[in-house]
Amino acid sequence: MGDSKKYITAEGLKKHNKREDVWISIQGKVYNVTDWIKQHPGGDIPILNLAGQEATDAFIAFHPGTAWKHLDNFFTGYYLQDYEVSEVSRDYRKLCVDFAKAGLFEKKGHGVMYSFCFIGFLLFLTFYGVLFSNSFLIHMLSGALLGLTWMQISYLGHDSGHYLIMTTKGFNKMVQIMSGNCLTGISIAWWKWTHNAHHVACNSLDYDPDLQHLPVFAVSSSLFKSLNSTFYGRELTFDSLAKFFVSYQHFTFYPIICVSRVNLFVQTLLLLFSKRKVPDRFLNILGILVFWTWFPLLVLSLPNWTERVLFVLTSFAVTGIQHVQFCLNHFAADVYVGQPKGNDWFEKQTAGTIDIDCSPQMDWFFGGLQFQLEHHLFPRLPRCQLRKISPIVQELCKKHNLSYRSLSFFEANRWTIRTLRTAAMQARGMLWEAVNTHG
């Protein structure tokens, strides 16, 4: 009996790559998810970035086993012609199955409880130092502790955005709003919007929002071409102002990072008050109002404006260490221009990430994200499991001759500054050429 299945070619599948017509392939079966993207918990952008493609590895990375049963609702009846699985993908999928059978995705340890206790202790010390001490040094130390608190809260919010850290989805959402909006002033809705896009399009200059920092920073001269940001829907203009800032970015990197939290506040407000569909908009706005109530009141409790300004700057500078860390994980890694491809998922993650080598005693400080590649490959894996699987990931990279970069914190900073300096020198050459041309 002949094969009665209906097939579609890869080229035919590519035609279904628009918002009003979105098809994807998962394990060779083709699904029409046009209507689903409006309800997708992870947002529409991750699906749109992989529209018209084979996307099995990305689907496996972001979804638990319970998600598979829902796929049949979207099956088109078509199968992808000449569907093949690369050796890298085959090994990656086997690892996912092995980790699931071992229960690693469910074994979260006691890290969440420890985090809650530690954050509560830090907040107590911060408020006590501000409200019950007259010492300038204690006030500055309290500012530093607040910055450290924000770092730890961000890690907790990050975890809750990737997997359930609480017993129910309702409690998990409550933690997200509390940790993100109420305590840090940064919307969990904004974080999900940008972070999910970053994971799918890791280090794509025109698809990954985490590399789109013009006019202030540019990690590659490819950004000098004024690329169009698919994420923001606008041109990343590289004009004379951008040339000037980028020309000195290896000097301005750390000072700007010290106050970069201001940009996150602004980005949060721009999203929440935009026309874009925002999940739980009311809760997000309410949470932001909570932050902008307690934080100004805490700052105003200090005796004078000198201490108030220094307190805010100190808190921003300390939490800036975390912003530096995120830059170290990607700025000096490989970049590319164009849409992410579903058939080289593993390769793109290895190319676009850099791990930070540290002792187990420092895992709390880096929130598990020093294992950046491991996290990108297995985003649903609790942070307490990342160190355990690291040797396995290294072996797989070695087997397939893929890069696995793990640098000390100092060395990663050196690589990042070198990357920024290289782009700065190229921009400076363009700047001086423009000056000499126009006088």
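The values are calculated or read from the model by the stated rules, or taken from the named source; none is laboratory data. Treat the numbers as computed from the prediction; the structure is a model and nothing was measured. Because the Cβ atoms are built from the backbone with ideal geometry, glycine has one as well, and the counts that use them run over all protein chains shown. Each accessible area value is taken on the protein alone, full model and side chains, heavy atoms only, with ligands, DNA and RNA left out. Shrake-Rupley method; radii C 1.70, N 1.55, O 1.52, S 1.80 Å.
Screening the candidates T34, T56 for the property of being closer than 25 Å to T194 by Cα and crowded, with 18+ Cβ neighbours inside 10 Å yields one hit, T56. Among the candidates F326, F365, F316, F371, the residue that is more than 30 Å from G129 (Cα to Cα), open to solvent by 10 Å² or more (accessible area, probe 1.4 Å) and of a type in the set (A, V, I, L, M, F, W, C) is uniquely F371.
Number of residues in segment 349-362 that are open to solvent by 40 Å² or more (accessible area, probe 1.4 Å) and either under 28 Å from E54 (Cα atoms) or part of a helix (DSSP H, G or I) (or both) equals 3. Tell me whether segment 211-219 contains one or more residues that are farther than 18 Å from S260 by Cα and crowded, with 16+ Cβ neighbours inside 10 Å. The answer is no, given that none of the residues of segment 211-219 is farther than 18 Å from S260 by Cα and crowded, with 16+ Cβ neighbours inside 10 Å. Count of segment 59-81 residues, restricted to those that are open to solvent by 40 Å² or more (accessible area, probe 1.4 Å) and within 26 Å of the chain's Cα centre (by Cα), is 6. For segment 223-300, which helices (runs of 4 or more DSSP H) that fit wholly inside it have 1 or more residues that are over 29 Å from G180 (Cβ atoms) and open to solvent by less than 80 Å² (accessible area, probe 1.4 Å)? Once the helices (runs of 4 or more DSSP H) in segment 223-300 are filtered for at least 1 residues that are over 29 Å from G180 (Cβ atoms) and open to solvent by less than 80 Å² (accessible area, probe 1.4 Å), what remains is 240-247, 249-258. The residues of segment 117-128 that are in contact (Cβ under 8 Å) with a residue 12 or more places away in the chain and either in contact with a Leu (Cβ under 6 Å, 6 or more places away or on another chain) or closer than 30 Å to L386 by Cβ (or both), listed by number, are F118, I119, L122, L123, L125, T126. Restricting attention to segment 117-127, does a residue exist that is over 24 Å from the mean Cα position of the chain (by Cα) and of a type in the set (S, T, Y)? Looking for residues that are over 24 Å from the mean Cα position of the chain (by Cα) and of a type in the set (S, T, Y), one finds at least one in segment 117-127, hence yes.
Of all the listed residues (F409, F346), the sole one being open to solvent by 60 Å² or more (accessible area, probe 1.4 Å), of a type in the set (F, W, Y) and touching a residue at least 60 places away in the same chain (Cβ under 8 Å) is F409. A search for C-beta distances below 9 Å between a residue of segment 43-62 that is of a type in the set (D, E) and any residue that is in a loop (DSSP other than H, G, I, E, B), counting only pairs 6+ apart in sequence or on different chains, returns D44/R19; D44/K277; E54/Q27; E54/G28; E54/Y83; E54/K341.
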